[in-house]
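J.: Handing you a structure now.
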Amino acid sequence: MSLIFPALRAAFRLFFHPRILRVVIGLPVLSLFLWGAVFYFTWTPITGALTAWLGGGWLEQKSLAWFSWSAADIGRGGGFVLALILFFPLSYVTTLVLTSLFVAPLVQSFLLKNEFPGLERRRGGSLSGGVGNTLAAGTLYLLLFALTLPLWLLPGGAVVVPVVLTAWLNRRVLTYDLLQDVASDEERRRLQRDFGGPLFLMCLALAFLSLVPGLGFFLPVWSTLALGWFCDAALARTRRPS
């Protein structure tokens with residue numbers, strides 16, 4: 001617990017370093033552009049399929065009776081809602097994959113040079129292991145996101161559910177990526193076990209920040225900085241002679 005606030009302070013301080021700012025600006029823009037293009041080119045097929053599916057059905061009949069809405073209106077509205085529901089998790093997972101591949105190694109190298117120069121590197125992971133971990137966690141995240149959508153209807157569910165899922169995803173993916181080049185496999189597993197609670201609490205606090213308009217786009221980089229500092233500090237602490 002004692003490492004959470006120092007890690008958050010260090011992440012805020014390092015966030016504005018010129019080398020980090022270039023990544024902060026470029027990463028979410030790339031992800032948004034990618035999925036914006038996907039939805040732009042798939043908008044007509046999605047709304048068309050929803051319109052055809054709803055045409056002549058019970059929902060269209062009731063909508064016509066109550067609101068004078070046609071199947072086309074429902075299709076366009078349903079497509080918009082579906083796009084909003086899908087856009088956040090898909091865009092975030094894409095940003096996290098890019099973070100895993102490109103940002104985590106950069107951040108770890110930056111931290112080892114500027115914050116923890118004496119920390120010995122003991123490579124216990126691999127690029128293929130990191131990619132596999134990210135893809136498995138991202139797939140499970142999207143599945144859980146879809147399965148828990150009914151919970152959004154409960155009071156506070158639309159806030160709590162995505163925040164908890166985002167915190168879990170960040171901890172699962174980023175701790176592996178940040179530790180794969182600096183900790184042995186045994187050290188990484190022990191650190192994830194012994195510091196799992198504080199790591200999740202910190203990820204939870206960072207995930208809540210994603211609810212602030214605009215901050216969510218910078219969350220992956222900020223989370224990487226905070227988790228990287230936390231993991232390196234915890235690793236240095238566990239290596240000290242007792």
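The values are calculated or read from the model by the stated rules, or taken from the named source; none is laboratory data. It should be emphasised that the depicted structure is a prediction, and the values quoted were computed from it without experimental measurement. Every residue, glycine among them, receives a Cβ derived from its backbone with ideal geometry; neighbour counts consider all protein chains shown.
J.: Out of all the residues in the range 177-196, is one or more under 19 Å from ARG9 (Cα atoms), basic (Lys, Arg) and buried (at least 21 other Cβ atoms within 10 Å of the Cβ)?
T.: As a first pass, look at the range 177-196 and keep what is under 19 Å from ARG9 (Cα atoms): 178, 195.
Add one more test, that the residue is basic (Lys, Arg), and what stays is none.
Checking the range 177-196: not a single residue is under 19 Å from ARG9 (Cα atoms), basic (Lys, Arg) and buried (at least 21 other Cβ atoms within 10 Å of the Cβ).
J.: Sticking with this one: With the structure loaded, tell me whether THR148 is under 22 Å from ARG13 (Cα atoms), of a type in the set (Val, Ile, Thr) and without any contact (Cβ under 8 Å) to a residue 60 or more places away in the chain or whether it fails that test. Outline the logic, then answer.
T.: Details: under 22 Å from ARG13 (Cα atoms): no; of a type in the set (Val, Ile, Thr): yes; without any contact (Cβ under 8 Å) to a residue 60 or more places away in the chain: yes.
Answer is no for this residue.
J.: Cβ contacts < 7 Å: first residue modelled with pLDDT under 75, restricted to the range 29-45; second residue of a type in the set (Phe, Trp, Tyr), any location; separation 6+ or different chain. Result?
T.: Once the first residue is modelled with pLDDT under 75 and sits in the range 29-45, its partners that are of a type in the set (Phe, Trp, Tyr) give TRP35/PHE87; PHE39/PHE87.
J.: Filtering the range 78-122 down to residues that are among the aromatic types (Phe, Trp, Tyr) and in a helix (DSSP H, G or I), which residue is modelled with the highest pLDDT? Give the steps one after another, and end with the answer.
T.: So in the range 78-122, the residues among the aromatic types (Phe, Trp, Tyr) come out as 80, 87-88, 92, 102, 110, 116.
If we keep only those that are in a helix (DSSP H, G or I) too, we end up with 80, 87-88, 92, 102, 110.
Details: PHE80: 61, PHE87: 67, PHE88: 69, TYR92: 72, PHE102: 81, PHE110: 89.
My answer is PHE110.
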